[in-house]
Amino acid sequence: MNRGQVRRKGGKPQAPEWADGLKRLYDSVLDEPLPDTFAQLLDKLDDSSHG
């Protein structure tokens, strides 16, 4: 059992309450669009690595 996990009656570890909030926050960040300036920077880096 990892630190912070709680053991249920059935013996299976359960994630702490804060873990659900952290997962929702992480998922919301993944759903955010990539800023145009960051996409342009990535394009420039790709161009310079090929030539």
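Here residue 19 meets the list (1) at pLDDT below 90; (2) open to solvent by less than 100 Å² (accessible area, probe 1.4 Å) almost entirely, failing just condition (1). May I ask you to verify whether residue 48 is at pLDDT below 90 and open to solvent by less than 100 Å² (accessible area, probe 1.4 Å)? Yes.
The values are calculated or read from the model by the stated rules, or taken from the named source; none is laboratory data. Being a predicted model, the structure only gives us computed values, none of them experimental. We work out accessible area using only protein heavy atoms, side chains counted, and drop any ligands, DNA or RNA first. Shrake-Rupley method; radii C 1.70, N 1.55, O 1.52, S 1.80 Å.
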